[in-house]
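The values are calculated or read from the model by the stated rules, or taken from the named source; none is laboratory data. These numbers were taken from a predicted model, which means no experiment stands behind them. With ideal geometry, Cβ positions are generated from the backbone for all residues, glycine too; neighbour counts draw on all protein chains shown.
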């Protein structure tokens with residue numbers, strides 16, 4: 001598997017992971033909103049119920065019910081406060097998760113950018129190397145062509161390279 005294929009797969013995985021993280025973020029926000037709404041509604045409903053019970057029974061059984069009803073109201077108020085604390089805690093956790101998600105997104109973006117720079121650099125290097133090899137192969141082809149035509153050969157003493165110019169042998173390495 002070549003480098004470009006690996007990088008393409010890495011990019012596809014990062015994009016897929018980003019989409020899944022976005023979906024999770026939306027699910028977290030929706031769940032948080034629903035939980036908060038339900039807790040608020042429950043608190044209001046409990047408070048309204050307590051007040052309704054108190055007003056209905058005040059005239060007939062005021063002395064017998066008043067103390068337990070006050071305790072009930074206090075319990076409801078305590079529950080409302082606890083629900084508010086839980087909602088605040090859930091909100092804080094959601095914000096922290098969002099921060100971690102943003103950090104992950106930027107990290108993934110940086111990794112993708114580094115991979116792109118490496119890909120571009122590798123491609124540029126391969127192009128330069130291929131060009132050098134092409135020039136080198138052309139030079140070797142020219143030398144082989146000259147040797148084939150008898151224009152370039154070893155000198156008679158076997159110690160150097162000679163060229164045949166206008167019928168005369170000329171030593172090239174001196």
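Those residues that are closer than 15 Å to residue 109 by Cα and more than 14 Å from the chain's Cα centre (by Cα), I need them from the stretch 9-45; list them, please. None; the set is empty. Does residue 7 qualify as being within 30 Å of residue 119 (Cα to Cα) and modelled with pLDDT under 75? Judged against the criteria, residue 7 is a match. Could you count how many residues in the stretch 46-57 are loosely packed, with under 12 Cβ neighbours inside 10 Å and modelled with pLDDT under 75? Counting residues in the stretch 46-57 that are loosely packed, with under 12 Cβ neighbours inside 10 Å and modelled with pLDDT under 75 gives 2.
Applying a threshold of 6 Å to beta carbon distances and a minimum spacing of six or more residues, or different chains, the list of pairs starting in the stretch 128-157 at a residue that is closer than 21 Å to residue 169 by Cα and ending at one that is part of a helix (DSSP H, G or I) and at pLDDT below 90 reads 152/146. Return yes when residue 163 is in contact with a helix residue (DSSP H, G or I) (Cβ under 8 Å, 6 or more places away or on another chain) and modelled with pLDDT of 90 or more and no when it is not. Judged against the criteria, residue 163 is a match. You will find that of 100, 131, the residue that is surrounded by 10 or more Cβ atoms within 10 Å (Cβ to Cβ), under 30 Å from residue 6 (Cβ atoms), at pLDDT 85 or above and more than 33 Å from the chain's Cα centre (by Cα) is 131 and no other.
For every residue, the table says whether it meets (1) surrounded by fewer than 12 Cβ atoms within 10 Å (Cβ to Cβ); (2) at pLDDT below 90; (3) more than 30 Å from residue 8 (Cβ to Cβ).
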residue: 59; (1), (2), (3): yes, yes, yes
residue: 62; (1), (2), (3): yes, yes, yes
residue: 75; (1), (2), (3): no, yes, yes
residue: 85; (1), (2), (3): yes, yes, yes
residue: 91; (1), (2), (3): no, yes, yes
residue: 106; (1), (2), (3): yes, no, no
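Determine if the stretch 138-153 includes at least one residue that is under 30 Å from residue 3 (Cα atoms) and either at pLDDT 85 or above or out of contact with any helix residue (DSSP H, G or I) (no Cβ under 8 Å at 6 or more places or on another chain) (or both). So far as the stretch 138-153 goes, yes, one or more of its residues are under 30 Å from residue 3 (Cα atoms) and either at pLDDT 85 or above or out of contact with any helix residue (DSSP H, G or I) (no Cβ under 8 Å at 6 or more places or on another chain) (or both).
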